[in-house]
Number of protein chains: 2
Amino acid sequence: MSEPTELRDPPQASRRRKPAAKPKGRVTMTDIARAAGCSQATVSFVLNNSPGIRLSQQTRERVIEAARALGYSPPVFSALRPAITPFEGLDGVIGFVVDQLATSPEAVVAIEGARQASWNAGNVLLVAQTMGDAVMEPRAVQALTRRGISALIYMTIFTREIAAPDFLYSLEIPVILLNCYTADYAFPAVVPSEIAGGQSATRHLIGHGHRRIATITGEPWMQAAQDRLKGYRRALATADIPFDPELVVEGDWSASAGYAATVKLLGLKERPTAIFCQNDRTAIGCYEALKEAGLHIPQDISVVGYDDEEIARHLFPPLTTSILPHLAMGQWAIEQLETPPTPGRGRYPITKLECPLVERESVGAVSTQLR
Amino acid sequence: MSEPTELRDPPQASRRRKPAAKPKGRVTMTDIARAAGCSQATVSFVLNNSPGIRLSQQTRERVIEAARALGYSPPVFSALRPAITPFEGLDGVIGFVVDQLATSPEAVVAIEGARQASWNAGNVLLVAQTMGDAVMEPRAVQALTRRGISALIYMTIFTREIAAPDFLYSLEIPVILLNCYTADYAFPAVVPSEIAGGQSATRHLIGHGHRRIATITGEPWMQAAQDRLKGYRRALATADIPFDPELVVEGDWSASAGYAATVKLLGLKERPTAIFCQNDRTAIGCYEALKEAGLHIPQDISVVGYDDEEIARHLFPPLTTSILPHLAMGQWAIEQLETPPTPGRGRYPITKLECPLVERESVGAVSTQLR
DNA sequence: CATCCGTGCTAATAGGTATTATCACATGCG
DNA sequence: CGCATGTGATAATACCTATTAGCACGGATG
């Protein structure tokens, strides 16, 4: 039994195991054990909650403490694997993290876009919610990254600039931002072109002969509200129509605010001939107020909305509105992954996708009215 | 250098490596190597696509072939971990698989319910879609199970009996069926109580004095349509109202079918005083036809819907309808995971959750009409 | 006082994967 | 022919984690 050892001796001469400290990247159970002053086995027991093992609460806590402090994570072998391995069933999994899923349909639409785009390549999409919770968000992301995903799409339900959580920067996979962006342009990002959307909605009204066009805004601190208003002003300026502050009423995206704002607008000595409601809910309230005032849409007054919510097509008359391009945004995000294999993480411009106007029957020519 | 060896000798005496065949459950790289006629190292190189390693295409293929044949999957340490570990970031991850996410809001609502219930325990929900695709479904499920989830919720968008995919049976984690069930009752399952829902909707109309109550069904092959109709008949029977086949018109869940069916009902020599539309879309068409006929809701005729879609509250008048309990179903599913730790996979009864009626303004007393 | 446990942990080891240092073997070259 | 050289694998080993078999020790017991 001793001869075989000899056989391997010459190669062993060149071996130099563990030259000194081993500042390896990963934190191992042994590290935790050292920090907690116990054995690796104990660490294993604690972290796995192994049944039938009795440990003092004290020790458990010390281990967990140390594990947290050192940032232990269990080994995952596939973390860095490319999206498509030659191995069926190990295909790429793309993580999709969103703050809220249920509050509005946009998230689902974006996911659907991403799914469609992923489908061809055989990639699977895993969706996690963070609820904007500072505790749960890292957990949700870790639940994905630890399990080995090949890319991460990070979406917010409201369009806005975000301070990207630190962990986004330390991921070693491509990250795409959807409906949000960071100030440092560190990630590819895509958002709706709200300015262009507000502009084309307004231009649509101008094209129908309207000159006195009111708008009911959303909550002014929201990016979308600011941009849609900006687009409104831009369209007016382009058509050489002077901006009249009286025609801008602040709403809060709600139907009741839309109602109130419309009542206010109708009280003006010179009434608008068209109202650009900056979202569809506002338009619902607006419809209500107009009907109460005995005005007919679109004969007496025209209305456009924004967002193309399900209800827009069921209003009477069906509402002309702008489609949020979340489907396209989801597709775009996946396409980004397919084209360049993460080109040295430089600065990425923010991509904006158009909000196409869908014409229904709430806009009429101004001809029938006094011009 | 030789003394230390001595130090370890006594324990070594007790070593008996690989006593014989080791039919362990998992397929290891060594198994693949044996099958492919190469070394474990080569297998590792191939499966990891290690850069800087040159291997013949032939060998690569042989390895992949063998790996597929044996059903290799990379090691995952957390696969059997309990839902709640003491370790932040290692918390339980619950998989939620649904065939379709975007087509209707129910899936999102159920996910929301599951999320709420998971949240307290700090569990993360990962959602995957299958699109009912026989190829993608296993992949989607594997994307979850391979990565170590502590439970799986399997949902279908339509309530129905399913032939559970084989892989559901071979999972070693709890599986809950949501909005579907298997004939063998192998998994805990929860569905809406559509019969009770149809019954209480009808009873609601009866309670308002209606005796001549029509119903417009959904597509008759769907379980939900059959059950809602069953509930309708049961309510009539309970109130000793004879069932009149003339008052049952087949629809297909669509508004246009609702419109056509209503027209047909209005053509009856003895008109119904109330219509139970078996979903809200049908009710939309129904409203349309009634208004065209000059009838007022609820003065002249009452209408109830089903599903409580968003639009129901925006109709005029707002529609009385039944709420699908998907939120509760999602919560229920999670609660099942928390209570019994998989009690020996026996036969589970199908749990049915109530569809509560939400009363709005589309139902009136029959008093004003000829009785 | 010796014994006998339960308790709380650890040593040792089994069983996996990743990686490094070679190695056998054609193949071309002088 | 003798030798470098590139190619396609492998052996041996480094490093992980999980698990089994005890070990030390304090307190109850006889």
Q | Criterion violated by B:ASP166 - all others in (1) away from chain A (no Cβ under 13 Å); (2) of a type in the set (D, E, K, R); (3) in contact (Cβ under 8 Å) with a residue 24 or more places away in the chain satisfied | A | (3)
Q) Is there a residue being closer than 19 Å to B:GLU137 by Cα, more than 7 Å from chain B (Cβ to nearest Cβ) and at pLDDT below 90 anywhere in the stretch A:99-112? A) no
Q.
So B:PRO318 ticks every box in (1) assigned to a loop (DSSP other than H, G, I, E, B); (2) more than 14 Å from every other protein chain (Cβ to nearest Cβ) but one. Which box is left unticked?
A. (2)
Q | Qualifying position, being within 14 Å of another protein chain (Cβ to nearest Cβ), modelled with pLDDT of 90 or more and more than 21 Å from A:ASP307 (Cα to Cα), among A:ALA151, A:ALA128 | A | A:ALA128
**Q.** Any pair with Cβ under 8 angstrom, 6 or more apart, that starts in the stretch B:265-285 at a residue that is under 9 Å from B:VAL303 (Cα atoms) and within 14 Å of another protein chain (Cβ to nearest Cβ) and ends at one that is open to solvent by 10 Å² or more (accessible area, probe 1.4 Å) and aliphatic (A, V, I, L, M)
**A.** B:ALA283/B:LEU315
(Q) Any residue that is in a loop (DSSP other than H, G, I, E, B), of a type outside the set (Ser, Thr, Tyr), modelled with pLDDT under 75 and within 16 Å of DNA strand C (Cβ to nearest atom) - is there at least one of those in the stretch B:53-69? (A) no
Q. Which of the residues belonging to the stretch A:30-50 are surrounded by fewer than 18 Cβ atoms within 10 Å (Cβ to Cβ), more than 9 Å from DNA strand D (Cβ to nearest atom) and within 13 Å of chain B (Cβ to nearest Cβ)?
A. A:ASN49
Q) Which one of these does B:GLU161 not meet: (1) at pLDDT 90 or above; (2) buried (at least 20 other Cβ atoms within 10 Å of the Cβ)? A) (2)
Q.
Take the conditions modelled with pLDDT of 70 or more and more than 15 Å from DNA strand C (Cβ to nearest atom) and apply them to A:ASP31. Does it pass?
A. no
Q. Going by the structure shown, is B:ILE149 in contact (Cβ under 8 Å) with a residue 24 or more places away in the chain and crowded, with 18+ Cβ neighbours inside 10 Å?
A. yes
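The values are calculated or read from the model by the stated rules, or taken from the named source; none is laboratory data. Nothing here was measured: the structure is a model prediction, and the numbers come from that model. Ideal geometry is used to build each Cβ from the backbone, glycine not excepted, and the neighbour counts take in all protein chains shown. Ligands, DNA and RNA are excluded from the accessible area calculation, which covers all protein heavy atoms including side chains. Shrake-Rupley method; radii C 1.70, N 1.55, O 1.52, S 1.80 Å.
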